[in-house]
Amino acid sequence: MHTLSLLTVDEIPEEADCLMIYAPSSDISQEERDLLADYAAEGGKLFVAAGPVEEGILENLYSLLADYGVQANEGIVVEGDREHYNGFLRQGPLALLPDMNSDAITDPLMEENYHPTMPISLGLIVSGSGGAVTELLTTSDMAYSKLDGYDLSTYEKEENDIDGPFALAVSIDTAGEGQIVWFTSSYFLEDAYNAASSGANSSLGMNALSSLIGETEAMAIRSKSLNYNYLTISSSTASLLKAVMIGIFPLLYLGAGVWVVLRRRGEQNEPA
């Protein structure tokens, strides 16, 4: 893997199998945008992981998606369905558990019942014009985008927030056998979120790269590491387990104890 500065070249080198843009904190220039647009339109391969930034929106970068009928919305996606966010992570409704749609990139995870976690994500809306777009990851219908972004003070939906559902990752077939795979979280490959997904996030990222460079035989669930992994469950399931463990189980044990005590007293009071 090599670093490439778009400011120092007139075109993307032909020997580049894939160009990766990961977690940009500021927007690209119009010249860089045009360079990337030409590269993708002429058969180039792009892997992008770009989520919300603390100030503004990556307007030029996200305008690449508009060429293929994909709109990037402002704000940060909040999931309103407790089945679609990870209740064990401190981000709560911002730690999204999206639905996966069938594609060569996602099928290995779906077959093994793995669930990626997408934290602090931007919402995409696909109109379906300009290219063959596959929505890899999608929110529930109850998701919405908080326009306050990093300054949000409540997870509750407010008047100006944007209604979902949204795509959180897309695969776009461009002209000349080109392809773009785009994830709207800048954090999903970080160790903490990868561990929280039991490695699903890294497998998803590696499958996307394998698809882009044509290594389809390498698209699978990666081998387990020796690090601790976490059980990935939704917030509603976590609440149910808490209720069972904290409420129902103690009551059952208490009831069993009372029954044993009463039975023993009854046996002691029986006439010889």
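The values are calculated or read from the model by the stated rules, or taken from the named source; none is laboratory data. Quick caveat: nothing in here was measured; it's all calculated off a predicted structure. Cβ coordinates were reconstructed from backbone atoms using ideal geometry, including for glycine residues, and neighbour counts include every protein chain displayed.
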Checklist entry - Here is a list of conditions, (1) on the phi < 0 side of the Ramachandran plot; (2) modelled with pLDDT of 90 or more, and residue 55 meets all of them except one; can you say which number that is? => result (2)
Next on the checklist: So the check is Cβ under 6 Å with 6+ separation or different chains; which pairs have a first residue in region 171-193 that's within 14 Å of residue 38 (Cα to Cα) and a second one that's surrounded by fewer than 18 Cβ atoms within 10 Å (Cβ to Cβ) and among the aromatic types (Phe, Trp, Tyr)?
Outcome noted: none
Checklist outcome for this item: Residue count, region 40-59, condition surrounded by fewer than 22 Cβ atoms within 10 Å (Cβ to Cβ), assigned to a loop (DSSP other than H, G, I, E, B) and not hydrophobic (A, V, I, L, M, F, W, C), comes to 6
Item to check | Complete set of residues in region 10-29 that are free of Cβ contacts under 8 Å to residues at least 60 places away in the same chain and either touching a helix residue (DSSP H, G or I) at 6+ places or on another chain (Cβ under 6 Å) or not assigned by TED's automatic domain parsing to the domain that holds residue 187 (or both) | outcome: 12, 27, 28
Checklist entry - Could you count how many residues in region 81-112 are in a loop (DSSP other than H, G, I, E, B) and in contact with an Asp or Glu (Cβ under 6 Å, 6 or more places away or on another chain)? => result 1
Item to check | region 10-24, residues that are under 30 Å from the mean Cα position of the chain (by Cα) and under 10 Å from residue 39 (Cα atoms) | outcome: 12, 19
Next on the checklist: Kindly evaluate residue 189 against the criterion of being out of contact with any Cys (no Cβ under 9 Å at 6 or more places or on another chain) and either part of a loop (DSSP other than H, G, I, E, B) or not assigned by TED's automatic domain parsing to the domain that holds residue 55 (or both).
Outcome noted: yes
Checklist outcome for this item: Among (1) more than 21 Å from residue 25 (Cβ to Cβ); (2) modelled with pLDDT of 95 or more, residue 197 falls short only on (2)
Checklist entry - Considering only residues of region 104-137 that are surrounded by fewer than 18 Cβ atoms within 10 Å (Cβ to Cβ) and hydroxyl-bearing (Ser, Thr, Tyr), which is modelled with the highest pLDDT? => result 127
Checklist entry - For region 60-80, does any single residue satisfy the condition of being assigned by TED's automatic domain parsing to the domain that holds residue 195, within 22 Å of residue 115 (Cβ to Cβ), polar (S, T, N, Q) and in a strand (DSSP E or B)? => result no
Next on the checklist: Can you list residue pairs whose Cβ atoms sit under 7 Å apart, with the first residue in region 74-102 being closer than 15 Å to residue 150 by Cβ and the second being modelled with pLDDT of 95 or more and among the basic types (Lys, Arg)? Count only pairs 6 or more apart in sequence or on different chains.
Outcome noted: 75/146; 76/146; 78/146
